[in-house]
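K.L.:
To start, I am sharing the structure in question, which I have written as structure tokens.
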Amino acid sequence: MKSPSPDTLKQVKDFSRPATVFAIAPVPGTERAFLGCQDFKVYEAEFSAAKFEPKELYAHESYVTGVAVAGKVVVSGGYDGKLTWWDTVAGKVVRTVDAHAKWIRKVISSPDGKLVASIADDMVCKLWDPTSGKLIRELRGHKEKTPQNFGSMLYAVAFSADGKFLATGDKVGHVVVWDVESGQQLATCEVAVMYTWDPVQRMHSIGGVRSVAFSPDGKQLAVGGTGKIGNIDHLEAKGRIEVFDWRAGKQTAEFPGDKHQGIVNRLAWAPDGSWLVGAGGAGEGFLIFLDGTTKKPVRQEKLPMHVHDFALSADCSTITSVGHNRIQIHKLG
Amino acid sequence: MPSKHFCGSPDHAVSRRAFLGSTAALAAAAAADMTGLDVLSSPALAGELKKGRKRVILLWLAGGASQLETWDPKPGAITGGPFRAIKTDVPGFQISELMPQMAKRMKTTCVIRGLNTRNGDHGSGAKLMMRGRRDEANLRYPDLGAVVAREMGRADSKVPDYVTFYTQTEGRSMAPGDAGFLGARFGPMELTTNNTPEFIRKLDTITDLDHRERADLRDLLGKQFAKGRQSDTMNSQNEAYERVRGIMASEKLFDVTQESQKVRDRYGPTQFAQQCLIARRLVEAGVPFVRVARAWWDSHGQNFETHQEMVPELDHVMATLIDDLGERGLLDDVMILTLAEFGRTPAINASLGRDHFASAWSMTMSGGGAKGGAVYGKTDPKGNTVVAEEVDAGSLFATIYSSLGINPNKNYYVGSRPIPLVNPGVEAIAALAK
């Protein structure tokens with residue numbers, strides 16, 4: 001089925017929120033989603049309701065930065081290092097696990113819902129059985145320290161569409177592609193430009209690989225972040241996207257950004273591969289659509305808030321962007 | 001040449017230099033045979049000895065570290081950020097989870113949480129927090145380092161009195177060491193490009209004898225020039241030159257390879273860690289004041305990433321410094337300060353950053369006469385305002401001076417004008433007196 005053109009993008013809903021929303025996990029086939037928020041809480045939101053009033057479900061002990069729906073289970077993770085399982089049928093927490101030694105950055109589910117992956121600044125990706133809560137595998141391939149001997153961070157994770165591969169990306173621009181079944185490293189890609197270490201003026205760093213996404217055929221890997229930054233007090237570089245032939249570890253395309261300042265926090269491909277969309281921001285936000293073949297920008301949309309995550313519906317008709325004190329819904333087609 | 005600056009105290013009717021010289025001799029004698037000299041029977045002498053031992057290491061967190069990610073966490077508040085608070089060795093007192101090592105050492109450290117310094121500008125804020133007050137139109141006040149150098153330095157010292165490391169370039173020009181009206185004699189030796197002083201070595205092209213003779217010639221010409229003239233600046237310059245050879249001999253103090261690998265590993269490999277190790281070497285050798293500037297904390301974007309990177313380094317290095325000084329028996333004599341031009345806003349901006357904020361922030365004093373385990377000041381649940389025990393820059397400096405055994409109300413003189421160390425009416429925080 002042909003995916004709708006980015007030319008048809010239009011904003012249809014806009015909700016203000018009292019706190020930043022870091023993560024969204026849609027319930028397939030519905031207009032419901034689960035939200036992970038700055039107020040430490042996980043909410044269930046019904047976007048078709050006459051009055052938008054997300055329902056508070058439970059709380060972590062810190063920012064909730066990852067939410068995944070896997071069948072009838074929601075798994076959330078946060079800066080408290082914990083993963084919490086929520087039974088959507090029973091409407092209760094069924095399990096909380098001290099999953100990581102450091103801050104959890106993202107939680108996602110595999111396309112078939114049979115696995116949940118969590119990443120954290122302990123630089124480990126963990127694969128979990130969403131039903132039993134059992135830890136299935138640990139993927140270790142990212143260094144705990146940056147070259148300058150500071151703690152590194154593991155920001156990005158994504159499954160391929162067939163669920164066979166998983167990619168992880170860290171602060172210094174190191175990307176690893178894993179075989180999900182065996183846990184073996186298959187390839188690495190380096191995106192050093194997304195990591196800025198300032199050794200002279202400010203003696204610290206900014207940036208990192210913040211998002212990864214496999215093309216529908218699994219052959220290409222898009223990587224999102226930001227470019228080299230002069231003044232690292234701010235996210236002053238443009239949002240940057242690179243595309244790799246990941247098996248060769250070779251960059252095949254780059255979009256250094258031209259209009260929108262900030263960092264690309266989330267990437268997704270249209271199911272037919274005709275385009276790729278990235279979202280992120282700095283003081284404000286953006287949606288950037290690149291042509292799936294040429295990787296040239298075909299549509300760029302300014303959003304009023306820094307976007308931390310979005311949900312793209314299966315038919316590509318809806319993009320629900322969440323971020324700094326706001327949620328916006330755009331329609332395609 | 002006697003100093004033109006005297007404190008005006010009747011106790012110091014003799015010149016300070018002569019007094020300190022005799023103090024040093026008495027101290028040496030006392031160390032040799034405490035039974036033969038009842039040093040402590042003279043309050044003036046005991047006080048002079050007490051303060052004479054004090055030294056300061058200032059960890060200058062340039063750009064403004066966040067109080068919420070260090071000393072005054074607000075877990076659960078919408079302003080609190082993602083990091084949790086952890087217990088410390090002081091019952092009921094918590095700090096950020098980014099500082100687990102300091103959490104075990106808060107009994108050594110006094111935290112002031114109620115700073116309201118009313119200046120959120122890098123340049124003028126840095127000047128304020130280096131001096132404790134704003135300069136007057138025609139009067140530049142000495143900064144903390146210069147005052148400590150003036151008060152604790154010894155005329156016969158072979159080491160510099162005031163050393164400052166500021167290697168990063170951002171903010172350096174906004175926070176220079178400055179002796180103000182005290183003059184060059186108490187100005188800092190500034191290290192900006194590497195960890196050892198530049199141009200400290202004698203040129204290979206001249207002999208040691210030549211070097212001495214040149215100094216003698218400069219001294220002779222200087223004295224001839226000084227006849228019939230009175231100038232604080234001239235006197236200060238002359239005193240600085242008199243100390244050149246001693247300072248030249250201090251080069252090894254800046255060389256961390258003089259320390260064992262075990263000690264260097266303990267501090268860690270970062271530049272800040274190495275400079276703090278050098279600072280320890282310097283105060284151990286008698287340098288009264290060392291500032292180690294660690295730039296740049298100005299996290300308008302990605303505040304939590306910045307602090308996640310930089311606070312653990314501060315935590316580790318500060319804890320190591322406290323342990324090292326303690327093991328060497330120096331912690332009672334050396335005060336470690338953490339200070340900056342301001343803190344950061346409780347409000348979190350769209351870039352997940354925090355901006356400049358001087359209304360309710362924190363600093364610390366460890367060792368050296370500070371009241372360890374004390375927590376002074378309270379901010380509201382979101383960290384926006386000070387709700388109890390507010391402290392301004394003046395009273396902070398009065399407290400630091402007082403903790404070091406320096407009377408904050410003593411006067412320097414510029415001409416005939418008495419200039420107290422802090423503005424009239426400003427007092428040290430009584431609750432923090434030991």
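All of the numbers you see were taken from the coordinates with simple rules; none came from a lab. Just so it is clear, the structure is predicted and the values come from calculations on it, not from any experiment. All Cβ positions, glycine included, derive from the backbone under ideal geometry; neighbour counts span all protein chains shown.
K.L.:
Can you spot the lysines whose alpha carbon is less than 16 Å from B:Lys410's alpha carbon? Ignore those fewer than 8 places along the same chain.
P.N.:
B:Lys4, B:Lys51
K.L.:
Students often check this: by mean Cβ neighbours within 10 Å, which of B:214-225, A:67-78 ranks highest, and how do the rest follow?
P.N.:
Peptide ranking by packing, descending: A:67-78, B:214-225.
K.L.:
Can I ask one more? Looking only at other chains, what is the average number of their beta-carbon atoms within 10 angstrom of each beta-carbon in A:228-236?
P.N.:
5
K.L.:
Another question, then. Could you list which residues have their amide H under 5 Å from that of B:Gln67, counting only those 5 or more apart in sequence or on another chain, with H placed in the peptide plane?
P.N.:
Excluding prolines and chain starts, which carry no amide H, the hits are B:Arg344, B:Ser362.
K.L.:
Along the range A:40-50, what does the Karplus equation 6.51 cos²θ - 1.76 cosθ + 1.60 (θ = phi - 60°) give for ³J(HN,Hα), rounded to whole Hz, x for Gly and Pro?
P.N.:
Karplus-based 3J(HN,Hα) across the range A:40-50 equals 6, 9, 10, 10, 10, 10, 10, 6, 8, 5, 4 Hz.
K.L.:
Rounding to the nearest 20 debye, state how big the charge dipole of the protein assembly as shown is about its Cα centre with +1 on each Lys and Arg Cβ and -1 on each Asp and Glu Cβ.
P.N.:
So the magnitude is around 620 debye.
K.L.:
Can you list residues from other chains, or at least 5 along the same chain, whose modelled amide H is less than 5 Å from the amide H of B:Tyr413?
P.N.:
The answer is B:Phe6, B:Ile419.
K.L.:
Say the cut-off is 18 Å between C-alpha atoms; which of A:Lys13/A:Lys296; A:Lys295/A:Lys331; A:Lys41/A:Lys92; A:Lys171/A:Lys228; B:Lys54/B:Lys127 go over it?
P.N.:
Flagged as over cut-off: A:Lys13/A:Lys296; A:Lys295/A:Lys331; B:Lys54/B:Lys127.
K.L.:
Considering every residue in B:345-358, what mean count of other chain Cβ atoms within 10 Å of its Cβ is obtained?
P.N.:
4
K.L.:
Averaged over A:191-204, how many beta carbons belonging to a partner chain fall within 10 Å of each residue's beta carbon?
P.N.:
Taking all residues of A:191-204 together, the mean is 4.
K.L.:
Then there is this: Could you pull out the pairs from A:Lys10/A:Lys238; A:Lys51/A:Lys126; A:Lys134/B:Lys382; A:Lys55/A:Lys106; B:Lys104/B:Lys371; A:Lys106/A:Lys145 whose alpha carbons sit more than 27 Å apart here?
P.N.:
In this structure, A:Lys51/A:Lys126; A:Lys134/B:Lys382 lie more than 27 Å apart at Cα.
K.L.:
While we're looking at this one, here's another question. I need the peptides B:197-210, B:139-152 ranked by packing, meaning the mean over residues of other C-beta atoms within 10 angstrom, with the highest value on top.
P.N.:
The densest-packed peptide leads the list: B:139-152, B:197-210.
K.L.:
Moving on. Nearest 500 deg cm²/dmol is fine: what mean residue ellipticity at 222 nm does the protein assembly as shown get from its DSSP H runs of n ≥ 4 alone, each adding -39,500 (n - 2.57), divided by its residue count?
P.N.:
-6000 deg cm²/dmol
K.L.:
May I pose another question? So, counting K/R as plus one and D/E as minus one, what does the shell of residues with Cβ under 9 Å around B:Gly177 add up to?
P.N.:
-2
K.L.:
Return the whole-Å distance between the Cα centroid of the range B:363-392 and the Cα centroid of the range B:179-232.
P.N.:
For the range B:363-392 versus the range B:179-232, the Cα centre distance is 42 Å.
K.L.:
Among B:Gly114, B:Thr399, A:His308, whose Cα lies farthest out toward the positive end of the dipole of the protein assembly as shown, if unit charges sit on the beta carbon of Lys, Arg (+1) and Asp, Glu (-1)?
P.N.:
Of B:Gly114, B:Thr399, A:His308, it is B:Thr399.
K.L.:
Picking from B:Ala350, A:Phe150, B:Val283, whose Cα lies most toward the positive end of the charge dipole for the protein assembly as shown (charges on Cβ: Lys, Arg +1; Asp, Glu -1)?
P.N.:
Comparing the listed Cα positions along the dipole, B:Val283 ranks first.
K.L.:
Taking a cut-off of 17 Å between Cα atoms, list the aspartates and glutamates near A:Lys302, but don't count ones fewer than 8 places away on the same chain.
P.N.:
Cross-link targets: A:Asp7, A:Asp14, A:Glu236, A:Asp258, A:Glu284.
K.L.:
Which of the peptides B:96-102, A:214-220 is most tightly packed, and how do the rest follow, going by the mean number of other Cβ atoms within 10 Å of each residue?
P.N.:
Most protected by this proxy first, the peptides run B:96-102, A:214-220.
K.L.:
Would you pull out the residues with amide H under 5 Å of A:Arg240's amide H, same chain only if 5 or more places away, H placed 1.01 Å from N?
P.N.:
Long-range HN contacts for A:Arg240: A:Gly225, A:Thr226, A:Gly227, A:Val264.
K.L.:
Next question. Based on Cβ point charges of +1 for Lys and Arg and -1 for Asp and Glu, what charge dipole magnitude is obtained for the range B:87-152 about its Cα centre, in debye rounded to the nearest 20?
P.N.:
Roughly 140 debye, rounded to the nearest 20.
K.L.:
Given charges of +1 on the Cβ of Lys and Arg and -1 on the Cβ of Asp and Glu, with all other atoms neutral, how large is the dipole of the range B:282-434 about its Cα centre, in debye to the nearest 20?
P.N.:
I would put it at about 500 debye.
K.L.:
Given a cut-off of under 8 Å on Cα pairs at least six residues apart, what relative contact order in percent is computed for chain A?
P.N.:
Worked out over chain A, it gives 14 percent.
K.L.:
So which lysines can B:Lys252 reach, going by Cα to Cα under 20 Å and dropping same-chain residues fewer than 8 places off?
P.N.:
Within the straight-line limit of under 20 Å, B:Lys252 reaches these lysines: B:Lys158, B:Lys202, B:Lys262.
K.L.:
If you wrap the protein assembly as shown's Cα atoms in a convex hull and average its projection over all directions, what's the area in nm²?
P.N.:
Directional mean of the projected Cα hull area for the protein assembly as shown stands at 37.7 nm².
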